[in-house]
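J.: Below you'll find the structure I mean.
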Amino acid sequence: MNLQYEAGFGVEDGPVEYGTAICLFLSCLILMSQAIRTARFSGASSLWLVLYSAAFLFGAGEEISWGQRIIGWETTGFFAEHNVQNETTLHNLAFGDEQLTKSLFGSYLTVAILLYLVVLPLLYSRVSLVARLVDGIMLPLPSARHGITAVGASLVIGILATVSRKWEAYEFIFSLLTMSIFLHPANAHRFNKPKPDNET
């Protein structure tokens, strides 16, 4: 089963990897759509959403090496010297024994994502300062079902110790979660036009 996955769905430039890139790009479009809609009543709120949208565009581009393997251009200069996959991407850069995929984009990013999906919703409903901060920076809030899915996926991935490309599936699951969160955030009231005081 391991070999079937690695040579099929989990293969480099395979369905899982391209699926992740597509979901990240769709997340980018969802956020941009919200930014455009929000700009009608709050420019500052819209700018936050544009920033998040750009981050997901970056993620989608990095996932497929900015189309390098599709188009086939050569890696040169700085990236040829420091990229462990000889590609024009940031997440595969390495300096000495330190590789960004493992040191920054690996465990730390995973912890940050789990804190966002599991811990933040709990704090949002219990700590008013956290709620004001989240709403102030227009951060789409996950709901309980997103947190449960994230914990379940983490446990399953942790059990699959012998699957070498299991992290590709992990990334795909989280890209699906971000789409779901951005479409229906738990703090959806922040993404709607405020009603005038004389309206109920």
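The values are calculated or read from the model by the stated rules, or taken from the named source; none is laboratory data. For clarity, every value in this text was computed on a predicted model and none was experimentally measured. Quick reminder, even Gly has a Cβ in these numbers, built from the backbone with ideal geometry, and neighbours come from all protein chains shown. Surface accessibility is based on the protein's heavy atoms, side chains included, excluding ligands, DNA and RNA. Shrake-Rupley method; radii C 1.70, N 1.55, O 1.52, S 1.80 Å.
J.: With labels modelled as points extended 7 Å from the Cα through the Cβ direction, what inter-label distance (nm, one decimal) is found for residue 191 paired with residue 125?
T.: 1.9 nm
J.: Here's a follow-up. With a 1.4 Å probe and all protein chains left in place, how much accessible area per residue does region 33-85 have, in Å²? The partial results should precede the final answer.
T.: Numbers: 3050 Å² over 53 residues.
For region 33-85, the solvent-accessible area averages 58 Å² per residue.
J.: Among 189, 146, 91, what's the order by accessible area (1.4 angstrom probe), most exposed first? Write out the running numbers ahead of the final one.
T.: Details: 189 110, 146 5, 91 45 Å².
Of 189, 146, 91, the descending order of accessible area is 189, 91, 146.
J.: Here's another thing I want to ask about it. For region 22-173, which whole-number percentage of the solvent-accessible area (1.4 Å probe, protein heavy atoms only) is attributable to carbon and sulfur atoms?
T.: Carbon-and-sulfur percentage of accessible area, whole number: 72.
J.: Give me a comma-separated list of calculated 3J(HN,Hα) values for region 185-191, in order, Karplus coefficients 6.51, -1.76, 1.60 applied at θ = phi - 60°, integers in Hz, x for any Gly or Pro.
T.: After applying 6.51 cos²θ - 1.76 cosθ + 1.60, I find x, 5, 9, 4, 4, 6, 9 Hz.
J.: Measure off 7 Å from each Cα along the Cα-to-Cβ vector at residue 36 and residue 132, then give the distance between these two points in nanometres to one decimal.
T.: Inter-label distance under the simple model: 3.4 nm.
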